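Taking it in order: structure first as structure tokens, then the write-up.
The values are calculated or read from the model by the stated rules, or taken from the named source; none is laboratory data. Owing to the predicted nature of the structure, the values given are computational and were not obtained by experimental measurement. Counting neighbours? That spans all protein chains shown, and the Cβs are built from the backbone with ideal geometry, glycine included.
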Amino acid sequence: MPLLGKAEKAQLEELILERLTDYFEREGPTSLLAEGLRVIVNGTGVDLDHGESRDPLASVPVKTLFTALCYLDSPTKAIPRDALSSLATEATSAAAAQINRIASA
């Protein structure tokens with residue numbers, strides 16, 4: 001039985017989108033493609049870090065997501081605001097898969 005069902009995944013996606021948006025507004029559109037940036041899920045919630053968090057429940061490097069890959073070769077190497085939703089959806093799927101593996105272990 002998965003730990004994250006449909007409703008929990010929707011809540012997780014909202015949290016991830018919120019963190020990505022905050023980071024985008026604070027650091028700028030090029031910051032989301034920074035080396036080592038990852039979306040993490042731990043006991044206190046969702047955050048973005050560069051590897052500082054030890055043993056999170058889920059860790060998704062932003063540069064591995066399809067949406068981010070599409071912008072790595074762009075002239076500006078920046079993710080536009082309108083792509084944040086897609087980025088959040090992809091990060092949610094990857095994080096939920098990692099978390100749900102815990103339940104099956």
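In the range 12-40, the qualifying residues are those that are charged (D, E, K, R) and outside any helix (DSSP H, G or I), and the one that is farthest from the chain's Cα centre (by Cα) is 35.
Is at least one residue of the range 73-83 under 17 Å from residue 42 (Cα atoms) and assigned to a helix (DSSP H, G or I)? Quick ask: steps written out before the conclusion?
Here is the first cut: in the range 73-83, the ones under 17 Å from residue 42 (Cα atoms) are none.
Among the residues of the range 73-83, not one is under 17 Å from residue 42 (Cα atoms) and assigned to a helix (DSSP H, G or I), which makes the answer no.
The numbered conditions (1) among the polar types (S, T, N, Q); (2) modelled with pLDDT of 95 or more; (3) crowded, with 16+ Cβ neighbours inside 10 Å are all true for residue 100 except (2). Scanning the range 43-64 turns up at least one residue that is charged (D, E, K, R) and part of a helix (DSSP H, G or I). For the range 1-10, filtered to residues that are in a helix (DSSP H, G or I) and surrounded by 13 or more Cβ atoms within 10 Å (Cβ to Cβ), the residue that is farthest from the chain's Cα centre (by Cα) is 8. Scanning the range 47-56 turns up at least one residue that is of a type outside the set (Asp, Glu), loosely packed, with under 15 Cβ neighbours inside 10 Å and over 23 Å from residue 79 (Cα atoms).
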